[in-house]
Structures are given as C-alpha cells and as structure tokens.
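The values are calculated or read from the model by the stated rules, or taken from the named source; none is laboratory data. Everything numeric in this text was worked out from a predicted model, so none of it was measured. For neighbour counting, all protein chains shown are included, and Cβ atoms are generated from backbone atoms with ideal geometry for every residue, glycine included.
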Amino acid sequence: MKKLAAFLIVLSCTVATAQDIKQQNQQPAITVSGEGKIMVQPDQADITIGVTNTGADAAEVKKANDATIDKVIKFLKSQDLKKEDYQTQRVNLNRNYDYNKKKYSYVAAQTIVIHLKDLSKYESLMMGLTDAGVNNIDGVSFKSSKQEQLESEARVKAVADARKKAMDYTNALGQKVGKAITVTDNTQTYNPPMYRMAAMEMSADKQQETLAPGEITITANVTISFSLE
C-alpha cells in the first residue's frame, strides 16, 4: 500500500509539472471573427425551368413530356446558347393513386437549369420558353460574371475586419497584435433565389419588365487567432 501511495504521489506531481510546463509554453493569443461584404449588381442568372404532364397512361404522359422538352431544347439552341449553358437536372415519372376516384394517374416531369450570361435576354427567353410549353419556373438565382474576383475581395475585407477587432481589444489591454497563428474560413455561399411561380402566370406583354435583379451580396467570414505581443 505504501508503494502504491508513493507511486500515486509521484504520478500526480509528474502530471502537475507537465501541465505547468504546457501553460508556460502556451503563446498568449486572441481569437476574433471577421466579415467582408461586397455589394454588386448581378449580370448573370441560373434559371430552373420545368415541364410537367399528367394523365392516365404512363406511356402517353411520358411521350407528351418528351415532345415538349424537345421543343424547349430546340428553342434554347435557337437563342445561341452554348450547350454547356443548359443542362437537364431531373427526369421523373411517378404513379399516383386518387383514393376518392380510386384511380391511378401518372405524372411526368423534367427540369432544366439554364445559365443565362446576359440578363437583357431574360424577358424574350422566358416568353419563348413559355410558348415552347414550359409550365414551371422553379427558381432564378442571380450571380456575377466576376464572382471569383469579388469573393477574393470579400476575403481580404474579412481579414482586415478581424484584424481591426483584434486591435480594438489589444489597445484596450495595452498590448499589440502579433502574427496570425490560425486562420479558419467560415464562408458559406448562398445565392437568394426568386420565388417559384407557374410559367403560365407570366404576362403576354413581351415589353413588360418582370425581373428586378437588385444587388447581390458576396460575403466572406473568417476566424483568426493572433499572437499577443
């Protein structure tokens, strides 16, 4: 028992000494978060459109849906859009059961995402798609052609914001901000979409403006630990 007690005392002293050394070696630091924002008017948009058909026969419903999609793709080609600027996103054929009528029905749907690089073509494009048979607009997400450059500028502003916060604290403490120890990027990309609407609700007046791009915000968030001097 005496040997065990002595061993525990030695172990306790060893652990305490290691903790003291670790605390002495720890570099004084301050950790702050910074945010950078760039406001810009968008010049591009990702438009998600869809075609939905319903009926009692699966083959007929799918055939009708494919025929409309064929018209849509041919229209997109006629607008001088590059092949990489539009892509099929989803293709669905579902069977539904109506418990009131006690009958099955089928729904065929296809969704296409269009990357529009010239917003001035939005009105004519959407009217042409409606005429081709599109009956769903699932969303419009605005972007900038200078997205990478703006994201870089936002990151620089986020770092400057973090350093300013650190200086505010250290000045109050009578210390100085040293080198960055760790840097963590907390940025999450989000492009606010327009609300979903039915294409059939669009105005037939091709001169009417139905798009308000406004401004988009490019945001960067960062957490930085600075040494204290």
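Overview of results
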read-out	value
Residues (in contact (Cβ under 8 Å) with a residue 12 or more places away in the chain and either among the acidic types (Asp, Glu) or not in a helix (DSSP H, G or I) (or both)) located in the range 48-65	Thr48, Ile49, Gly50, Val51, Thr52, Asn53, Thr54, Gly55, Ala56, Asp57
Residue that is surrounded by the most Cβ atoms within 10 Å (Cβ to Cβ), among those in the range 99-151 that are closer than 27 Å to Asp57 by Cβ and aromatic (Phe, Trp, Tyr)	Tyr106
Residue list for the range 40-55, restricted to those being in contact with a Ser or Thr (Cβ under 6 Å, 6 or more places away or on another chain) and more than 23 Å from Asp131 (Cβ to Cβ)	Val40, Pro42, Asp43, Gln44
Among (1) modelled with pLDDT of 95 or more; (2) closer than 30 Å to Thr182 by Cβ, the one test that Tyr86 misses	(2)
Any hit, the range 22-29, residues being under 30 Å from Leu228 (Cβ atoms), of a type in the set (A, V, I, L, M) and either not assigned by TED's automatic domain parsing to the domain that holds Asp161 or not in a loop (DSSP other than H, G, I, E, B) (or both)	yes
Residue among Asp138, Asp185 that is modelled with pLDDT of 80 or more, in the same structural domain as Gly50 (by TED's automatic domain parsing) and among the charged types (D, E, K, R)	Asp138
Single match in Gln79, Gln26, Gln19 (criterion: closer than 30 Å to Val159 by Cβ, at pLDDT below 95 and polar (S, T, N, Q))	Gln26
Pair list, Cβ under 8 Å, 6 or more apart: the range 218-229 residue within 13 Å of Asp161 (Cα to Cα), other residue β-branched (Val, Ile, Thr) and assigned to a loop (DSSP other than H, G, I, E, B)	Thr219/Thr187; Ala220/Thr187; Asn221/Thr187; Val222/Thr187
Matching residues in the range 101-159 - criterion: being without any contact (Cβ under 8 Å) to a residue 24 or more places away in the chain, over 30 Å from Thr184 (Cα atoms) and among the polar types (S, T, N, Q)	Ser120
In the range 188-229, residue nearest to Glu151 (Cα to Cα) [restricted to those that are of a type in the set (Gly, Ala, Ser) and at pLDDT 65 or above]	Ala220
